[in-house]
Amino acid sequence: MASRKITWILFDLGNVLIELHADGLGRAAAALGSTPERLVALFNESGMAQAIALGKLSPQEFVEQINRRFGTSVAPADVVSWFGPELAVVFPEVPGLIASLKGHYGLAILSNTFFGHWDYFIAMDLARQFDALIASHLIGFCKPDPRAYRAALDRMGATAAETVFVDDLAENVQAARALGFTTFQSTTPAELIQGLQRAGVVCGGPPAK
C-alpha cells in the first residue's frame, strides 16, 4: 500500500461523511396518510425502491405512481422535503478534513441514493468541495456492482490503483478491493481519519496530477 501513489479519494456519503437520520419515511407517511411500515412494504414489493435507486424511474414517474396509489398531488420537490433532511447532519470533523485534503487529492463521492436524497445533498456546502459527484440513480448501477465503481473511475479520470475507497458497508468495501482499490470501512469520523492515515493519505500532501 505504501508503494502506491494515491491521487484520488472516493467516499461513500451516508454514515461516512454524513450522520444519516432515517426519519424521512415518517414525514412521507404523514403527508400520504399512511404509515412508515406500509410505505416500506409498498416500495419493496412493487420494486419502486430499487427502480429509483437505479434511475429506472424518473422523479416525475415516481411521484405519478405515488399519486395514483394515494390519490395525492405531490411533486418531486415534496419527496426531497421528506427525505433530504435525513442528510442534514454532517459529522463535525468532516468539513475540516475535506478542506485539508482538497487541492492535494481528487475528491469524489459514490453513493447508492435517489433524487430525494441527492437533490438535497448537491445544494449543501459540503457537495461543492468535491471534484466528482457520482450517484447510483444517475449512472444506473448500485454498489457493490463492479460497474458502479468503474463508472465512478471513468467520471474521475482515475484508476483503481491510485484511488482510496471508503464505505460504511463491508460488502461495498470488499467489491472495491477486488477491483484494485485501496479500501477501508468507516462508520465514525475517528475511523475515517485513521483509515486515511493507514492508507497513506497525507493532509497537505502533493497535489494530484
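Remarks
- From VAL16, VAL74, VAL79, VAL40, residue being aliphatic (A, V, I, L, M) and under 15 Å from TRP118 (Cβ atoms): VAL79
- Residues satisfying the stated conditions in region 1-33, i.e. polar (S, T, N, Q) and within 23 Å of ASP125 (Cβ to Cβ): ASN15
- Per the listing PHE115, PHE70, PHE130, PHE121, the residue uniquely surrounded by fewer than 18 Cβ atoms within 10 Å (Cβ to Cβ) and of a type in the set (Phe, Trp, Tyr) is PHE70.
- Residue selected from region 52-105 under the condition more than 19 Å from the chain's Cα centre (by Cα) and of a type in the set (D, E, K, R), by the criterion nearest to LEU192 (Cα to Cα): ASP78
- Here the condition is being in the same structural domain as GLY157 (by TED's automatic domain parsing) and buried (at least 21 other Cβ atoms within 10 Å of the Cβ); of HIS104, HIS137, it holds for HIS137 alone.
- Neighbours by Cβ (under 7 Å, 6+ apart or cross-chain): first from region 56-83, assigned by TED's automatic domain parsing to the domain that holds SER34 and in contact (Cβ under 8 Å) with a residue 24 or more places away in the chain; second of a type in the set (D, E, K, R) and surrounded by 14 or more Cβ atoms within 10 Å (Cβ to Cβ): VAL80/ASP119; TRP82/ARG27
- Some residue of region 41-48 being assigned by TED's automatic domain parsing to the domain that holds ALA152, in a helix (DSSP H, G or I) and either of a type in the set (Phe, Trp, Tyr) or modelled with pLDDT under 95 (or both): no
- Being assigned to a strand (DSSP E or B) and either within 24 Å of ALA170 (Cα to Cα) or basic (Lys, Arg) (or both) is not true of LEU20.
- Subset of region 79-124 (residues that are within 20 Å of ALA148 (Cα to Cα) and either assigned to a strand (DSSP E or B) or at pLDDT below 95 (or both)): GLY106, LEU107, ALA108, ILE109, LEU110, SER111
Listed here are the residues, each with its yes/no results for (1) out of contact with any Asp or Glu (no Cβ under 8 Å at 6 or more places or on another chain); (2) outside any helix (DSSP H, G or I); (3) touching a residue at least 12 places away in the same chain (Cβ under 8 Å).
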| residue | (1), (2), (3) |
| --- | --- |
| ALA158 | yes, yes, yes |
| ALA161 | yes, no, yes |
| VAL166 | no, yes, yes |
| GLU171 | yes, no, yes |
| ALA176 | no, no, yes |
| GLY180 | yes, yes, yes |
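- Failed condition for MET1, given (1) touching a Ser or Thr at 6+ places or on another chain (Cβ under 9 Å); (2) outside any helix (DSSP H, G or I); (3) at pLDDT 95 or above: (3)
The values are calculated or read from the model by the stated rules, or taken from the named source; none is laboratory data. Note that the structure is a prediction, hence the values are computed from the model and not measured. For neighbour counting, all protein chains shown are included, and Cβ atoms are generated from backbone atoms with ideal geometry for every residue, glycine included.
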